[in-house]
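> Handing you this structure, nothing more for now.
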Amino acid sequence: MAPARTVKGLLAAAALSACTHAAACSRPLNMVSEEWPPYSFTNEENLQTGLDMDMAKAILKEAGCTLVTAPPLPTVRRMLLFERGDFDLMLAATDTPERRRFARFSAPYRHETVALFVLARDYARYAGVTSMAAVARGQAAVLAPRVGWYGPQFAHAAPGLRAAGRLFEFGAFEQGMRMLGAGRAQLIMGDRAAIMYEAQRQKLVLRQLPFVLQQAPVHLMLSRASTTDDDLARINAAIARLEKNGALQALRNRYDLR
């Protein structure tokens, strides 16, 4: 587990390098990278890419800011460091009242869809399941990400599933998909694009159950402890300009997300 001073040191060094090489450098905004394909991942050239990374880079460039990234950290530790302002920015965040205590939220830059999936060979058995309440009444076990907000249906059903030993959590979709393929549970829940990307990578054929748990906008999330209202205003203005000129839509189209 990396100490906070190590994260700060990595970010400071990267920020200095960014300012040295950029044609014009305003205040850098720092983030800890995350392996969450297709939204954020390290490619074969060892560069951070993906839809959210590409969109964040475009937005911050338009806002006159530099995006600086440090290596990944465990999810829970990353959130703790963010809350206290050890870094500034997180991607693809859902705006909730609880998070507003420690975060500012940009205007939305894309939408996410959260759903439940099953191996295609088992779909007929679950095709009649049309709500999370129906899942809770049944016998199937569910795989779900360890951290995040996945809508009120899941929040209501999760305690009962956990108490019954039917909820299994994972840290990364690679792990969750391996658990599904090994028969640890019959259903897996999460962001649709991330689920389908990892299923294709592991050569598993999935089908989505006939309902959606959440369909909502996502935002850039800025730490209240280390950013200002002016930072947020500049980012929101940049998002508005890039939506108007079609640049953000072009990025969403590139990843087949509308």
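The values are calculated or read from the model by the stated rules, or taken from the named source; none is laboratory data. Please read these numbers as outputs of a predicted model, since none were measured by experiment. All Cβ positions, glycine included, derive from the backbone under ideal geometry; neighbour counts span all protein chains shown. Just so you know, the surface numbers come from the protein's heavy atoms only, side chains and all, with ligands and any DNA or RNA stripped out. Shrake-Rupley method; radii C 1.70, N 1.55, O 1.52, S 1.80 Å.
> Could you pull out the residue among 157, 199 that is part of a helix (DSSP H, G or I), touching a Phe, Trp or Tyr at 6+ places or on another chain (Cβ under 9 Å) and open to solvent by less than 20 Å² (accessible area, probe 1.4 Å)? First the steps, then the outcome.
Working: 157 fails: touching a Phe, Trp or Tyr at 6+ places or on another chain (Cβ under 9 Å).
Step by step, each of 157, 199 is checked, and only 199 is part of a helix (DSSP H, G or I), touching a Phe, Trp or Tyr at 6+ places or on another chain (Cβ under 9 Å) and open to solvent by less than 20 Å² (accessible area, probe 1.4 Å).
> A further question follows. If you scan the range 47-78, which residues turn out to be surrounded by fewer than 19 Cβ atoms within 10 Å (Cβ to Cβ) and closer than 19 Å to residue 201 by Cα? Break it down stepwise before answering.
Quick first cut of the range 47-78, residues surrounded by fewer than 19 Cβ atoms within 10 Å (Cβ to Cβ) only: 47, 49, 54, 57, 61, 64, 71-72, 74-77.
If the condition is that a residue be surrounded by fewer than 19 Cβ atoms within 10 Å (Cβ to Cβ) and closer than 19 Å to residue 201 by Cα, then 49 is the only one that fits.
> Given the criteria modelled with pLDDT under 95, surrounded by 14 or more Cβ atoms within 10 Å (Cβ to Cβ) and more than 30 Å from residue 244 (Cβ to Cβ), does residue 148 qualify? Before you say what the answer is, go through the steps one by one.
Working: modelled with pLDDT under 95: yes; surrounded by 14 or more Cβ atoms within 10 Å (Cβ to Cβ): yes; more than 30 Å from residue 244 (Cβ to Cβ): yes.
Here the answer is yes, as residue 148 does meet what is asked.
Table: residues versus (1) open to solvent by less than 30 Å² (accessible area, probe 1.4 Å); (2) touching a helix residue (DSSP H, G or I) at 6+ places or on another chain (Cβ under 8 Å); (3) over 27 Å from residue 80 (Cα atoms).
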| site | (1), (2), (3) |
| --- | --- |
| 185 | yes, yes, yes |
| 188 | yes, yes, no |
| 207 | no, yes, yes |
| 217 | no, no, no |
| 222 | yes, yes, no |
| 227 | yes, no, no |
| 241 | no, yes, yes |
| 255 | no, yes, yes |
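> Take residue 62 and tell me if it is over 15 Å from the mean Cα position of the chain (by Cα) and of a type in the set (Asp, Glu). It would help to see each step written out before you state the result.
Details: over 15 Å from the mean Cα position of the chain (by Cα): yes; of a type in the set (Asp, Glu): yes.
When the stated conditions are applied, residue 62 passes them.
> Within the range 202-253, work out how many residues are assigned to a helix (DSSP H, G or I) and of a type in the set (Phe, Trp, Tyr). Can you show your working first?
Let us first name the residues in the range 202-253 that are assigned to a helix (DSSP H, G or I), namely 229-244, 247-253.
Right, trim to of a type in the set (Phe, Trp, Tyr) and you get none.
Residues in the range 202-253 being assigned to a helix (DSSP H, G or I) and of a type in the set (Phe, Trp, Tyr): 0 in total.
> Does the range 107-145 hold any residues that are of a type in the set (Gly, Ala, Ser), surrounded by 17 or more Cβ atoms within 10 Å (Cβ to Cβ) and more than 15 Å from the chain's Cα centre (by Cα), and which are they? Let's see the steps before the verdict.
First pass over the range 107-145, keeping only residues of a type in the set (Gly, Ala, Ser): 107, 115, 120, 124, 127-128, 131, 133-134, 136, 138, 140-141, 144.
Still in the list and also surrounded by 17 or more Cβ atoms within 10 Å (Cβ to Cβ): 115, 136, 140-141, 144.
Passing the criteria: 136, 140, 141.
> Of all the residues that make up the range 134-158, how many are of a type outside the set (D, E, K, R) and under 25 Å from residue 218 (Cα atoms)?
As a first pass, look at the range 134-158 and keep what is of a type outside the set (D, E, K, R): 134-136, 138-145, 147-158.
Add one more test, that the residue is under 25 Å from residue 218 (Cα atoms), and what stays is 142-145, 147-158.
Matching residues across the range 134-158 total 16.
> In the range 173-183, what count of residues is obtained for those that are of a type in the set (Gly, Ala, Ser) and either open to solvent by less than 10 Å² (accessible area, probe 1.4 Å) or assigned to a helix (DSSP H, G or I) (or both)? Explain how you work it out, then say what you get.
First pass over the range 173-183, keeping only residues of a type in the set (Gly, Ala, Ser): 176, 181-183.
Going one step further and asking which of them are either open to solvent by less than 10 Å² (accessible area, probe 1.4 Å) or assigned to a helix (DSSP H, G or I) (or both), we end up with 176, 181.
Total meeting the criteria: 2.
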